[in-house]
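The structure under discussion appears below in the form of structure tokens.
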Amino acid sequence: MNEIIQEDKDAFLFLNNLGSEAFDRFWIMVSGTWIWVPLYIIFLYLLYKNYKLRNLVFILIFIAIGVTVSDQLAGIFKSGIGRLRPCHDPSLNHLMRIVQCGGQFGFYSSHASNTFFIATFMSMLLFRKYRFLPYVLYFWALVVSYSRIYLGVHFPMDILMGAGMGFFLGGFFSTLALKVIKKGSNS
């Protein structure tokens, strides 16, 4: 296990040190929530365009529940596992770029989990109509996830676990949403 943790730290240092001060503001913005509101509005429009209003309400409920579960599970893991964020790890203090720092613990990334949740959920609901959409959404999720390494708040393993959980939860909640929509159509 120590070897895996050291490999994770080495990968983090490599990726984190690719950054430069000139790009810090950009990556802070990418990691922020409010910058993505226009994208969320586009998602809402695409869902509205492709689903009846009644089904859209169910979809939004499943998104709200899924993001909440995704976010809360990450919090449970962070406090339960107790792995320090890179910016709080004394062994990395003079080796890394700290652009931002969050709470004490970081395993696993709720940013990665939430963005991969949304990417998977939206892909499952809209890929038949918009074949390119999953590529765009997963690229977006990867960029947001990388921003967390760039800023110094997550290790790559935090991101991989978050992405995996988001992917799983997005698949689970989108499957539930599609079943509810199908059942409503058959009634």
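The values are calculated or read from the model by the stated rules, or taken from the named source; none is laboratory data. Given the structure is predicted, the values throughout are model-derived calculations rather than measurements. Note that each Cβ is placed from the backbone with ideal geometry, even for glycine, and that neighbours are counted across all protein chains shown. Ligands, DNA and RNA are excluded from the accessible area calculation, which covers all protein heavy atoms including side chains. Shrake-Rupley method; radii C 1.70, N 1.55, O 1.52, S 1.80 Å.
Tabulated data
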{"quantity": "Relative counts (whole %) of C-alpha pair distances in segment 110-155, using bins that are 10 Å wide", "calculated": "31, 45, 20, 5"}
{"quantity": "Residue-averaged [θ]222 nm for the chain, counting only DSSP H segments that reach four residues, each worth -39500 (n - 2.57)", "calculated": "-25000 deg cm²/dmol"}
{"quantity": "Surrounding net charge for GLY106, when Lys and Arg each add one and Asp and Glu each subtract one, Cβ distance under 13 Å", "calculated": "+2"}
{"quantity": "Spatial separation of Cα centroids for segment 162-187 and segment 83-102, in angstrom", "calculated": "37"}
{"quantity": "Of the trypsin sites (Lys or Arg not before Pro) in segment 1-73, those whose Cβ has at most 14 other Cβ within 10 Å and which sit in DSSP loop", "calculated": "LYS52"}
{"quantity": "Accessible area, probe 1.4 Å, largest first, for residues HIS94, HIS111", "calculated": "HIS94, HIS111"}
{"quantity": "Crossing angle, helix 110-126 versus the chain [Cα axis fit, 0-90 degrees, rounded to tens]", "calculated": "30"}
{"quantity": "Segment 64-145, Rg to Rh (Cα coordinates; Rh as Kirkwood inverse mean 1/r)", "calculated": "1.09"}
{"quantity": "Stokes-Einstein D (µm²/s) once Rh is taken as the Kirkwood radius of segment 7-94 over alpha-carbon pairs, at 4 °C in 1.567 mPa s", "calculated": "77"}
{"quantity": "Ranked order, MET29, MET96, MET124, MET1 - accessible area, probe 1.4 Å, largest first", "calculated": "MET1, MET29, MET124, MET96"}
{"quantity": "Rel. contact order, % - alpha carbon contacts under 8 angstrom, at least six apart, the chain", "calculated": "31"}
{"quantity": "Trypsin sites (Lys or Arg not before Pro) restricted to DSSP loop in segment 95-187 with at most 13 other C-beta within 10 Å", "calculated": "ARG128, LYS129, ARG131"}
{"quantity": "Stretchable slack from GLN6 to LEU142, in nm (0.36 nm times residue separation minus alpha-carbon distance)", "calculated": "46.7 nm"}
{"quantity": "Cα-centred dipole magnitude for segment 3-61, charges only on beta-carbon of K, R (+1) and D, E (-1), debye, nearest 20", "calculated": "800"}
{"quantity": "q = 0.16, 0.17 Å⁻¹, segment 108-187: log10 I(q)/I(0) [Debye, one scatterer per Cα]", "calculated": "-0.59, -0.64"}
{"quantity": "Helix 133-151 vs. the chain, principal-axis angle (Cα, 0 to 90°, nearest 10)", "calculated": "30"}
{"quantity": "Among LEU92, LEU39, LEU169: highest mean-square fluctuation, GNM of the chain, C-alpha pairs under 10 Å", "calculated": "LEU39"}
{"quantity": "Rounded to 10°, Cα long-axis angle of helix 2-16 versus longest principal axis of the chain", "calculated": "80"}
{"quantity": "Full-stretch length increase - SER79, GLN104 - with 0.36 nm per residue and alpha-carbon distance subtracted", "calculated": "8.1 nm"}
{"quantity": "Nearest-10 value in Å² for the accessible area of CYS87, using the 1.4 Å probe", "calculated": "10"}
{"quantity": "For the chain: accessible area per residue (Å², 1.4 Å)", "calculated": "56"}
{"quantity": "Percent accessible area from carbon and sulfur atoms, the chain, protein chains only, probe 1.4 Å", "calculated": "69"}
{"quantity": "Most mobile of TYR146, TYR130, TYR138 in a GNM of the chain (Cα contacts under 10 Å)", "calculated": "TYR130"}
{"quantity": "GLU7, GLU21, reordered so the largest accessible area comes first (probe 1.4 Å)", "calculated": "GLU21, GLU7"}
{"quantity": "Spatially proximal aspartates and glutamates relative to LYS78 (Cα-Cα < 14 Å; intrachain offsets below 8 disregarded)", "calculated": "ASP158"}
{"quantity": "Relative frequency of Cα-Cα separations exceeding 21 Å in the chain, percent", "calculated": "52"}
